[in-house]
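The values are calculated or read from the model by the stated rules, or taken from the named source; none is laboratory data. Since we're looking at a predicted model, the values are computed, not measured. Don't worry about glycine lacking a Cβ; one is built from the backbone with ideal geometry, like all the others, and counts go over all protein chains shown.
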Amino acid sequence: MDISRASLESDWEAFLQSQPWTPFLQSFPMGEVYRRIGEEPVRLEVRERAGARIVGICQAIVVPAKRGKHLAIMYGPVFRDGLSEELRVSSFWLLVDALKQVAREKNCTFIRMSPFWQQNSHGETSNQKLITRNSSKPGFRPSPLHLLAEHIWFLDLRGKSEEDIRKGMRSTTRNLIGRAEREGVTIELSPDPVRDLPHFLVLHDETRKRHGFTPYTNDFFRAQVEVFAKKNQCALYLARYNGEVVSSSIHMVYGGETSYHHGASTFKYSKIPASYLLQWRAIQDALKRGDRVYNFWGVAPVKMDNGKWIMDNATKKHPFSGVTTFKTGFGGELLELQHCMDLPLSKKYVLTWGIETFRKWRRGF
């Protein structure tokens, strides 16, 4: 096994896009997005031997956060599908050792890893067992806060038609889509996402103020759209009503997956269900492209009860409960991921842990 810094974007992208799940946050272009906003990407790859095929990749971002400078690993590392248990173990710890070295060089106090590892019904992943089994290595601990969505709602598009998906929707969702059409809402897939991004930014600022969440910066949105639009891997939708843009969304189109990554709307026409029609248009486009998956991104924890996905009384107080009702109405499935893990590298991590534990309580997670 050989580990090194990745040098060829083509090799990296070919490997990632050949996996069953292709998290664009581990893509080479996403690293360039973070570079544009002043956060350095670190790309590591493990090969069976020098020059041979890749068995695993890991992209980390050096995050200069006030609560503690750290390496953030978003939905990584990614191992080759079907890799043996032995190779996964050795590859993982090669990556961890290399990440620790980078973290120390960058004066990071901890490593934060939010892997795209599916949990079973007992809340465990096969990779998690492999990691904790090696007692000679320093242990990861649960992070106080999530880094990314850990409850993913998605539509499996393989072998499905528009009619199949409509049948799987909640009746209320189908009715709201039809109502938006009758009310005269129109949906446009922007031919130039960079040019039309200001429409989204205006709505996003209004949405942020209305719901009181901490947003991505406008510089981040610009960088993401500019980098991915050049590769035809970004779709910007605009919903218009009475000649005004009332809803907008940014979707990542990567490796056979369409991901609903950012959305915004105005309160002025809150009674007009434009966002429902917008999502339906994006799903239709994903079907036409032949995508495998439509990823709605994060939802609150839901569970199956009598053949229906529901939120219990405690979950209904979750900050994501509103978007959960919206997203699950289109039908689909839940994918539960391994909770975010931290590897402390300095005593200063205790301060980060305290601050984030308080934030978790205050936000209601």
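Observations, loosely collected:
- Some residue of segment 189-206 being of a type in the set (D, E, K, R), in contact (Cβ under 8 Å) with a residue 60 or more places away in the chain and touching a Phe, Trp or Tyr at 6+ places or on another chain (Cβ under 8 Å): yes
- Of residues in segment 56-75 being touching a helix residue (DSSP H, G or I) at 6+ places or on another chain (Cβ under 6 Å) and modelled with pLDDT under 95, the one surrounded by the most Cβ atoms within 10 Å (Cβ to Cβ): 68
- Residues satisfying the stated conditions in segment 6-36, i.e. surrounded by fewer than 16 Cβ atoms within 10 Å (Cβ to Cβ), in contact (Cβ under 8 Å) with a residue 12 or more places away in the chain and either outside the structural domain of residue 57 (by TED's automatic domain parsing) or part of a helix (DSSP H, G or I) (or both): 9, 36
- A count restricted to segment 173-189 and to residues that are surrounded by 20 or more Cβ atoms within 10 Å (Cβ to Cβ), of a type outside the set (A, V, I, L, M) and not in a helix (DSSP H, G or I) stands at 0.
- Residue 199 falls short on exactly one of the conditions (1) outside any helix (DSSP H, G or I); (2) touching a strand residue (DSSP E or B) at 6+ places or on another chain (Cβ under 6 Å); (3) not acidic (Asp, Glu), and that condition is (1).
- Of the residues making up segment 70-89, at least one is part of a loop (DSSP other than H, G, I, E, B) and touching a Leu at 6+ places or on another chain (Cβ under 6 Å).
- Among the candidates 61, 3, 54, residue that is closer than 29 Å to residue 295 by Cα and touching a residue at least 40 places away in the same chain (Cβ under 8 Å): 54
- Residues that are touching a Ser or Thr at 6+ places or on another chain (Cβ under 8 Å) and within 23 Å of residue 85 (Cβ to Cβ) within segment 19-55 comprise 44, 45, 46, 47, 55, listed in sequence order.
- Filter result for residue 292 (in contact with a Gly (Cβ under 6 Å, 6 or more places away or on another chain) and surrounded by fewer than 22 Cβ atoms within 10 Å (Cβ to Cβ)): yes
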